[in-house]
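**Student:** One structure, pasted below without further comment.
The values are calculated or read from the model by the stated rules, or taken from the named source; none is laboratory data. Computed from a predicted model, the values in this text were never measured in an experiment. Backbone-built Cβ (ideal geometry, glycine too); neighbour counts: all protein chains shown. Heads up: the accessible areas ignore ligands, DNA and RNA and are worked out on the full protein's heavy atoms, side chains in. Shrake-Rupley method; radii C 1.70, N 1.55, O 1.52, S 1.80 Å.
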Amino acid sequence: MPVNLTANAIAAINGGDVNAKPLVQVLDIKLIGSSQERYRFLLSDAVATQHAMLATQLNDRVKTGRVRKGSVIQLIEYICSTVQNRKIIVVLNMETIILDCDVIGNPRVSEFDLLPEKPLSSGPQPSVNNSVAGAQNSSRTSYNNVKTSSSLNQGGNIQSFRPTVQPPYQPPPNYKNHGAIMRNEAPARIIPIAALNPYQGRWAIKARVTAKGDLRRYNNARGDGKVFSFDLLDSDGGEIRVTCFNAVVDRFYDTIEVGKVYVISKGSLKPAQKNFNHLKNEWEIFLETTSSVDLCPDEDTSIPKQQFSFRPISEIANAESNSILDIIGVVVTVNPSVPIMRKNGMETQRRILNLKDQSGLTVELTLWGDFCNREGQQLHDMVEAGIFPILAVKAGKVNDFSGKSIGTISATQLFINPDSAEAAGLRNWFDRGGKDTASHSITKEAILGGMKNETRKCLTQIKDEGLGRSDKADWIAVKATVSFIKTDSFCYTACPLMIGDRQCNKKVTKSGNSAWLCDRCNQEFEECDYRYLLQVQIQDYSGMTWVTAFQEAGEEIFGCSAKELYVWKNEMQDDLKYLEVVQNCLFREFIFKLKIKEEIYGDEQKLKITVVKADKLNYSEESRFLFDSISKRHMATY
Amino acid sequence: MDTSNPAAFVNAELLRMYVGRRVRAVIQVLRNDGGSIFGKSTDEQELVVKGHPPNPPTTFVEVIGIADSNRSIQAEIWTNFGDNFDVSSYNTICQLANGDFKHLFI
């Protein structure tokens, strides 16, 4: 049964032989790594031992127990790099030959192999130096030369020996000083993008460009600069972003084309900037002038053109605001493009369209900028012609302003009628009846109050139950009476112009003597609109609270429009009428639908309660509701 | 407010429990005689209410008075309740007010 491990396997690998496919034994497996899970093996060839990192794509071999401590494995694909004067092997592919096996031979394990693990970057531990009596090893060449002087049994008491230092290992004369390995000119092996990490020695990847960013110029304390990025996808589905600065931009900007496959090597690996980089990789490649980018002219069909992870619209309803995701759906409506003034004073285009998928739900997709005129116009024309195309969105941003909607960002890519299984499935579903199924929009839902019947609560429950404190707002219904309204300022001057299908409603300022100016629409006009903005105190049997009410609720409470009230108060000097209206609304009972959310104003937390709707009491319904409550409570006491 | 002689909420069925005592009921006016009203109680049975009905009465009228038989009330106070009234809710109130929650009313 005992099998022979490949003699001198460790020495050979350290010497640069990465083709031998040796048999070695795994003496130890440790999980290390802070952000990314990495396994570190201690490999033995029966005589010598060496640490090896397992490439992440093989992680589940350990997790599923296909390789364990004691396993004899054959290394199929592996490389050896030098990190901080230590040689680290990286195993890219291996096969387990024997799952469980006693320790073969008498491998020499150095003391700090058995110390608790630490991430590679920290290097040798200081405690090792202290315990090595008299042997100051300030410069470590290859650590596997620290041999134990006494014999070591694997399960035994390992603290008792003291390591002594022997002369540094010299590679056999063949590998000394000359040869491709030393000068590092041999072509690097192609490794999967998922295996890339900063501790990698030489690497090369072969991948397709899925996105190419614009050339951006910037200006900072160090002067002017330019930068551009592009995204890569390889045959294993790994993705990574590549960024070039300044002179490097000139070298590669014109070479890189979306859709083409390149072999890239000699770049540096740094942590990805999560703000801009939405790819699933913790690293990002930065190219230098010494990097190489070689076009692969032959078509590599093993690398997909694009990689999506589509979420059904039903999942978007629960997605976190500002998260980035991919969606695919049938375009059912396309609105005209409208100009929007941005905060920085620049004007851009906005176009809203609706996507529907097999969940029967629709979601609003907002196109910004160039998307409006390119894909937006194309989609518009198609829908006008009665064709409802499939649209795939890569890297759209979730917005929760009104229900959930998706908006484009600079990194977004749109694909009309893409060639994919999901698109085909959608087309099939839509044409066979999906078109006519009732649609429910997740975008308008929140404003209309979601379900028809919000939970009924009393006012003190707001405080008692800590409503509004979680990430999402709480929506409740209360039956309460208006006890006071602040009337010094009950409305504001609003912009009446239409933006697409909605009224602007932004507060307008006086310009000159008679005109009004809206900053957003950048227009002046004679007549402005008046919209309610009320601070109302409401009370019920349990307590009272202040709420803010807007136009709709205001009209329900007062029974007249904000404009009429404004006119009575200020222009016609008809104080009597004004007072009468105000008096009449006091002590009227309503069912208020409230939106409760705690918000930060400066440095304090304030509970903001907004009236979404104010409904007059329907006595029949309310009676039935009360009877129901009575019977519920009554049952409870028995 | 004089709470010494509370009027019990009744429909036709509960009226018999309060003969000779003060009651209140909402009646749907079927026939108006000038001196009395033939009406339908909230549990769909006919009652006679004597007294001075309002002129004109609306479809629904509330009467408060003494029950003088298990089918008639001698009303002292009449109030027009309009033409829209939720009869079933009122009927439920009558049942609750004389059943489990009687202690809240009488």
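**Student:** Region A:590-638: which residues show an accessible-area loss of 30 Å² or more, assembly versus chain alone, 1.4 Å probe?
**Tutor:** A:620, A:627, A:630, A:634
**Student:** Around residue A:409, which amide H atoms from residues at least 5 apart in sequence, or from another chain, sit under 5 Å from its own amide H, with H modelled in the peptide plane?
**Tutor:** A:397
**Student:** Order the following by accessible area, largest value first: A:380, A:278, B:103. Probe radius 1.4 Å; ligands, DNA and RNA are ignored.
**Tutor:** B:103, A:278, A:380
**Student:** Determine the gain in length on full extension of the stretch residue A:608-residue A:19; use 0.36 nm per residue of separation and subtract their C-alpha separation, reporting nm with one decimal.
**Tutor:** Between residue A:608 and residue A:19, full extension yields an extra 205.3 nm.
**Student:** Then there is this: Between residue A:385 and residue A:552, take the C-beta separation as r, use R0 = 35 Å, and let me know the FRET efficiency to the nearest 0.05.
**Tutor:** 0.40
**Student:** Stretch residue A:97-residue A:258 to full length: gain in nm at 0.36 nm per residue minus the Cα-Cα span?
**Tutor:** Length gained, residue A:97 through residue A:258: 53.7 nm.
**Student:** While we're looking at this one, here's another question. So what's Rg/Rh here for region A:313-440, counting alpha carbon atoms and using the Kirkwood radius for Rh?
**Tutor:** Taking Rg over the Kirkwood Rh, I get 0.95.
**Student:** For a bin width of 5 Å, list the pair-distance distribution of region A:193-295 built from all Cα-Cα distances, rounded to whole %.
**Tutor:** Computed distribution, short to long bins: 2, 13, 25, 27, 20, 8, 4, 1, 0.
**Student:** Using a 1.4 Å probe on protein heavy atoms, which residues of region B:76-93 have at least 40 Å² less accessible area in the complex than alone?
**Tutor:** The answer is B:86, B:89 - residues whose exposure falls by at least 40 Å² when every protein chain is included.
**Student:** OK, next. Using a 10 Å cut-off around each Cβ of peptide B:94-103, what is the average number of partner chain Cβ atoms that fall inside?
**Tutor:** Partner-chain Cβ atoms within 10 Å, mean over residues of B:94-103: 1.
**Student:** Something else about it: For residue A:410, tell me the accessible area in Å² from a 1.4 Å probe, rounded to the nearest 10.
**Tutor:** About 120 Å², rounded to the nearest 10.
**Student:** With r as the distance between the Cβ atoms of residue A:292 and residue A:69 and R0 = 51 Å, compute the FRET efficiency 1/(1 + (r/R0)^6) and round to 0.05.
**Tutor:** Taking R0 as 51 Å, the efficiency between residue A:69 and residue A:292 is 0.80.
**Student:** Tell me, what HN-Hα J-couplings in whole Hz come from the Karplus equation 6.51 cos²θ - 1.76 cosθ + 1.60 at θ = phi - 60° for each residue of region A:596-611, using x for Gly and Pro?
**Tutor:** Whole-Hz 3J(HN,Hα) from phi for region A:596-611: 10, 8, 8, 10, 9, 10, x, 10, 10, 8, 10, 7, 9, 10, 10, 7.
**Student:** What nm value, rounded to one decimal, do you get for the distance between residue A:626 and residue A:374 when each label is placed 7 Å out toward the C-beta?
**Tutor:** 6.3
**Student:** Would you please name the GluC sites (Glu not before Pro) within region A:296-356 that are DSSP coil residues with at most 11 other C-beta atoms within 10 Å of their C-beta?
**Tutor:** Within region A:296-356, the qualifying GluC sites (Glu not before Pro) (loop, at most 11 other Cβ atoms within 10 Å) are A:299, A:320.
**Student:** Rolling a 1.4 angstrom probe over the protein heavy atoms, how many square angstrom per residue are accessible across the protein assembly as shown?
**Tutor:** That works out to 54 Å² per residue.
**Student:** Estimate for me the total accessible surface buried between chains A and B (protein heavy atoms, probe 1.4 Å, no ligands or nucleic acids), in Å² to the nearest 100.
**Tutor:** It comes to approximately 500 Å² buried between A and B.
**Student:** Could you give me the ³J(HN,Hα) list for region A:618-631, computed from phi with Karplus coefficients 6.51, -1.76, 1.60 and θ = phi - 60°, whole Hz, x at Gly and Pro?
**Tutor:** 9, 4, 4, 4, 5, 4, 5, 4, 5, 4, 4, 4, 4, 5
**Student:** Here's a follow-up. Modelled label-to-label distance, residue B:31 and residue A:511, 7 Å Cα→beta-carbon offset: nm?
**Tutor:** About 7.7 nm, to one decimal.
**Student:** Take the alpha-carbon centre of region A:266-330, take the same for region A:332-397, and report the distance between them in whole Å.
**Tutor:** Cα centroid to Cα centroid, the span is 23 Å.
**Student:** A follow-up question, please. Which percent of Cα-Cα pairs in region A:263-322 sits in each 10 Å bin, short to long?
**Tutor:** That works out to 16, 29, 36, 15, 5, in percent per bin.
**Student:** Further question on the same structure: If I stretch the segment between residue A:489 and residue A:525 completely, what's the gain in nm (0.36 nm per residue apart, minus their alpha carbon distance), one decimal?
**Tutor:** Full extension from residue A:489 to residue A:525 adds 10.7 nm.
**Student:** Report the Cα-based extents of region B:8-99 along its three principal axes, largest first, to the nearest Å.
**Tutor:** So the extents along the principal axes, rounded to whole Å, are 35, 28, 19.
**Student:** Moving on to the next point. Is region A:514-599 rounded, prolate or oblate when judged by the Cα gyration tensor, a ≥ b ≥ c being the square roots of its eigenvalues, rounded requiring a/c under 1.5 and prolate requiring a/b larger than b/c?
**Tutor:** oblate
**Student:** What's the carbon and sulfur percent of the protein assembly as shown's accessible surface, probe 1.4 angstrom, rounded to a whole number?
**Tutor:** Taking all protein chains in place, the protein assembly as shown shows 50 percent carbon and sulfur surface.
**Student:** I've got another one for you. How many angstrom separate the Cα center of region A:1-57 from the Cα center of region B:60-99?
**Tutor:** Comparing the Cα centres of region A:1-57 and region B:60-99, I get a distance of 94 Å.
**Student:** Also: Tell me, Kirkwood radius of the protein assembly as shown from alpha-carbon pair distances, in Å?
**Tutor:** After inverting the mean inverse Cα-Cα distance, the result is 34.4 Å.
**Student:** A further question on this structure: In nanometres, what is the gap between the two model label sites at residue A:587 and residue A:224, each 7 Å from Cα along Cα-to-Cβ?
**Tutor:** 7.5
**Student:** OK, next. Can you compute the charge dipole magnitude of the protein assembly as shown about its Cα centre, using +1 on each Lys and Arg Cβ and -1 on each Asp and Glu Cβ, nothing else charged? Give it in debye, rounded to the nearest 20.
**Tutor:** Its charge dipole is roughly 2420 debye.
**Student:** To continue, here is another question. Over every pair of different alpha-carbon atoms in region A:559-638, take the mean of 1/r and invert it; report that Kirkwood radius in Å.
**Tutor:** 16.7
**Student:** Kindly point out, ordered by number, any Cys in the protein assembly as shown whose beta-carbon has no other cysteine beta-carbon under 4.7 Å away.
**Tutor:** A:80, A:101, A:244, A:296, A:372, A:458, A:491, A:528, A:560, A:585, B:94
**Student:** Which residues' amide hydrogens lie under 5 Å from the amide hydrogen of residue A:333, considering only partners 5 or more residues apart or on another chain, with H built in the peptide plane?
**Tutor:** For residue A:333, whose amide H was placed from the backbone, the distant partners under 5 Å are A:354.
**Student:** Restricting to Cα atoms and excluding each atom paired with itself, what does the Kirkwood estimate give for region A:382-449 in Å?
**Tutor:** One over the average 1/r among Cα pairs gives 14.0 Å for region A:382-449.
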